[in-house]
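Notes for the one structure printed next.
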Amino acid sequence: LIEGPMAVVSWKEILLLTGLVVGCYWNSLSCGFVFDDVSVNDISLNLSTYLHKSYRPLTVFTFRLNYLFSELSAASYHLFNVVLHGIVCVLFLRVCRLFLDKTSSLVAALLFAVHPIHTEAVTGVVGRAELLSSIFLLAAFLAYTKSTGADHSIVWSPIALTVVLVAAATLCKEQGITVVGICCVYEVFVAQGFTFPMLLDTLRQVLQGKDGFPYAVLQTLLKLIVLVISTLLLVIIRVQVIQSQLPVFTRFDNPAAVSPTPTRQLTFNYLLPVNAWLLLNPSELCCDWTMGTIPLVESLLDLRNLATLTFYSFLGFLAYHSLRYKHSSAKTVVMALSFIVLPFIPASNLFFPVGFVVAERVLYVPSMGFCVLVAHGFKFVSHKGHMKKMSWLMIGILLTTHAVKTFNRNWDWESEYTLFTSALKVNKNNAKLWNNVGHALENQNNYARALRYFLQATRVQPDDIGAHMNVGRTYKNLNKSKEAEDAYLVAKSLMPQIIPGKKYATRVAPNHLNVYINLANLIRANESRLEEADQLYRQAISMRPDFKQAYISRGELLLKMNKLTEARDAYLRALELDRTNADLWYNLAIVNIEMKDPSEALKNFNHALELNPRHKLALFNSALLMQESGEPKFWPEANRRFLTYVEEEPEDANGYFNLGMLAMDANENAAAERWMRKAISLQAGFRSALFNLALLFSQSKREVDALPVLDELLRHHPEHIKGLILKGDILMNHKKDTRGAKTCFERILRMDPTNVQGKHNLCVVYFEERDLPRAEQCLEETLALAPNEEYVRRHLSIVRSKMAAMSAAGQPLTSAEGATAAAEEEDLEGVAVDQSESLDSSQSDKQTKGKSTKEIKDIEKKRAAALKRLEEIERILSGD
């Protein structure tokens, strides 16, 4: 792959490394998205920054590639990581060949390939940032090693390539920039062959004016200046991208970061030997080392300080001997130390706090230096004749045990439950782990078991606000409102308290503010506590004026309290914070509907659909608003939106019902019948769909087809008065079944004795049966119920005139044949049922309340049609 016999990596070695990587990590393909991996869902689709405002666009790009080819199939993401780890192992072998012999370098690469500390970086999907950054880091270093020509001149093209690769490494993960430091160490102590005493001597001579800088030193300085300036530019650009904002961490993420002196310094220094021990003995690995995992070192008398002293002593010993001498062993050690120390500095907490105490994945690059040291030690031991076999046996056992540990550790990442329960075996003092096991059980709807873990989290860390919130939420899921409220109140009591008249600043984790939202959402179920809930929302807003969710929740509450203007203002304030939130525009449109402003509501529905063209509720309600407007110009767009809605919700009968209603409005009877039948097939006994399908048949002169539909309607809804009226009308006027019609109208009156329409139509039945006295009595009773209905008064007058004429002619006033007698002529007709029934509130909570202008106009049309029919009846009777 490169020039020089010691630097060549053979295909056999590549196959050996990749085979070993596959053997150790093939079972990771069975793992899902766990822990931080859940952010991949958003990364793949939307985001370029993730995990504490880190800017890692190249890593994000690979996630998007994964999504492009396999969407959210976890196996493809894990496979990609395994491939990247194999590439890193090959590049690392190539780097080792610069400092070690062929055998020792292969031992270092094999140890790196199987080391269990890497499972978090390889099997954890978000660990890809480490893998990608390492590839570019190693490539940048290899490029830089070619920047010195055979005549010791500067070769600029490798330096330019190094700068590009450093930028790429940094765009994968921030620590990639530390390769510049590794290149500087290589240039000074390996390429130029300086030792620390030589550097001091040269500097002393220059300061004393005895001599200028040697040419070799000037060349070195020039190369390093170029690297440093490039590094500074990268840092400046990155700071500008994240707008100079440092991530916010809480004391639960890193307790030592908010501890006083000397606790902070003692603890952070103690973490160095802890990390070193994980490299030496990776037998107890844990996915989360935050909170109380590692107790604070609060005193100089703490025995753990001995571990810190031992670590620094050993590190100092190695550094002293490697920087003092020029032989190849010293160069190997100094480069191993540079790979251990420099990439770890950003995560060390020594210069600035980070959001974790220990993180195994950040040891991915430092472990390279560790593996070089182990291989270098193996080289010395194996060259001693009596130790050769023993050293090979030991390295074989080490590689085997590490490979087995890695393979077994992968199974811990199979699911969140397995991952966090394995972590609890290592550490029971981390409340976050108890919470995460609870979350895993909660996701399985196993609330009773989840509650036990959440409660244990509160016992391990009594001041953990999130744990008490979890307890409250779980009690709520178990329908234990009182216990839920008590838990939320405990969490609320742990929040910083507002002191009236005093200004002060404090840091609050954004998710902890949800305690106000959760508590308010809980108590607002009680109508008498709505004002109390509103006070909680306002308190959350006072603590964080840009708390969007508080405005959204408060807007919903104010809408419930019928404070429409305040609800509108709350949503408008939320939109100032986020104008790209389709849900906010939708909620504002609902407020507009309640405020009787349909045009503004439609505008806001349209805003929501511009942001999310498949926003289901906006599609449905905007189409419904267009349908109810009574404006035919809106119907095609309403139809398109309902069609899009049923694509999104193919099992929701309401969408098909409204498509049927639109088709009825447009006199497209075939389409209307098809949509109504589809709605009924999805929702048996769909009240409004059954009635309107029967009505459609009745209006289309298909009364016989309407009857079975009405029978089904009345089987599911025997109290459906309009259905009974329509059925009675069809039986009497089209089937000449006065007995069946009479049964329908009598059922109506049993349910509602004051129903004028049913009462009047029963009177018509009596008239059809030629029972004029009973018809007269019935109409008198109807007139008493509706004294202002002129058609009832006219019908009563007609019946009485008929009775007078028959009495004068000596005819009997009651037919002997009664109900079975066929009417000799069509004298009276019942008042027809209303021509349609809209989807009522019992069918869907999507329906807006109140009658639209179209409905009012339709009612007037129906009333006019009914009066016209009465005029025809009068004309027939006058002729008689």
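The values are calculated or read from the model by the stated rules, or taken from the named source; none is laboratory data. Quantities reported herein were computed from a predicted structural model and do not represent experimental measurements. Neighbour counts are summed over all protein chains in view; Cβ atoms, including those assigned to glycine, are modelled from backbone coordinates with ideal geometry. Surface areas here come from the heavy atoms of the whole protein model, side chains and all, with no ligands, DNA or RNA. Shrake-Rupley method; radii C 1.70, N 1.55, O 1.52, S 1.80 Å.
Among the chymotrypsin sites (Phe, Trp or Tyr not before Pro) found in region 517-568, not one is both in a DSSP coil and sparsely packed, with 13 or fewer other Cβ atoms within 10 Å of its Cβ. Ordered by 1.4 Å accessible area with all protein chains kept, Asp37, Asp597 run largest first as Asp597, Asp37.
Report the calculated FRET efficiency for Val241 and Lys480 (r = Cβ-Cβ distance, R0 = 60 Å), to the nearest 0.05.
Values: r = 47 Å, r/R0 = 0.78.
Taking R0 as 60 Å, the efficiency between Val241 and Lys480 is 0.80.
Inter-label distance, Leu222 to Glu719: 9.6 nm, where each label sits 7 Å from its Cα along the C-beta direction. Both radii were evaluated on the Cα set of region 689-769; the Rg over Rh quotient, with Rh as the Kirkwood radius, amounts to 0.95. Taking 7 Å steps out from each Cα toward its Cβ at Gln208 and Thr565 produces label points 8.8 nm apart. Of the trypsin sites (Lys or Arg not before Pro) found in region 648-749, the ones in coil according to DSSP and having at most 16 other Cβ atoms within 10 Å of their Cβ are Lys701, Arg702, Lys735, Lys736.
Roughly speaking, what is the stretch gain from Thr580 to Glu71, that is 0.36 nm per residue apart minus the C-alpha to C-alpha distance, in nm to one decimal? Working shown, then result.
On the way: separation 509, 0.36 × 509 = 183.24 nm, distance 2.44 nm.
Taking Thr580 through Glu71 to full extension adds about 180.8 nm, to one decimal.
Among the trypsin sites (Lys or Arg not before Pro) within region 145-217, those in coil by DSSP and having at most 13 neighbouring Cβ atoms inside 10 Å are Lys210.
FRET efficiency for the pair Val155 and Gln497, taken as 1/(1 + (r/R0)^6) with r the Cβ-Cβ distance and R0 = 41 Å, rounds to 0.05. So what does log10 I(q)/I(0) come out to for region 451-585 at q = 0.09, 0.18 Å⁻¹, using the Debye formula with one equal point on every Cα and no solvent? Here the Debye-derived log intensity ratios amount to -0.29, -1.05.
Considering helices alone, the calculated mean residue ellipticity of the chain at 222 nm is -21500 deg cm²/dmol, with DSSP H runs of length four and up weighted by -39500 (n - 2.57) and normalised per residue.
Size of the dipole of region 448-569 about the Cα centre, Lys and Arg at +1 and Asp and Glu at -1 on the beta carbon, nothing else charged, in debye to 20?
Numbers: 20 positive and 13 negative charges, 46 e Å.
Dipole of region 448-569, to the nearest 20 debye: 220 debye.
Tell me, what is a quarter of the convex hull surface for the C-alpha atoms of region 61-143, in nm² with one decimal? Walk me through the intermediate numbers first.
Working: hull surface 22.5 nm².
That works out to 5.6 nm².
Estimated at 0.36 nm per residue, the fully extended path between Phe314 and Glu647 surpasses their Cα-Cα distance by 113.2 nm.
Could you tell me the calculated FRET efficiency between Lys701 and Arg739, based on Cβ-Cβ distance and R0 = 30 angstrom, to the nearest 0.05? Before the final figure, lay out the partial values.
Working: r = 24 Å, r/R0 = 0.79.
For R0 = 30 Å, the calculated efficiency reads 0.80.
Return one whole number: the accessible area per residue of the chain in Å², for a 1.4 Å probe. All intermediate terms of the calculation are to be shown ahead of the outcome.
On the way: 41070 Å² over 880 residues.
That works out to 47 Å² for each residue.
State the percentage of accessible surface on the chain attributable to carbon and sulfur atoms; use a 1.4 Å probe and exclude ligands, DNA and RNA. That fraction is 58 percent.
Relative to the Cα centre, what is the charge dipole magnitude of the chain, using +1 at the beta carbon of each Lys and Arg, -1 at the beta carbon of each Asp and Glu, and rounding to the nearest 20 debye?
The dipole magnitude comes to about 4220 debye.
Ranking Tyr571, Ala448, Asn511 by Cα position along the charge dipole of the chain, where only Lys, Arg, Asp and Glu carry charges on their C-beta atoms, puts Asn511 farthest toward the positive end. In the chain, taking the dipole from charged Cβ atoms about the Cα centre, the farthest positive-side position among Ala256, Val22, Tyr186 is held by Tyr186.
Simple spin-label estimate for Ala671 and Ala448 gives 5.4 nm between the two label positions (7 Å along the Cα-to-Cβ direction from each Cα).
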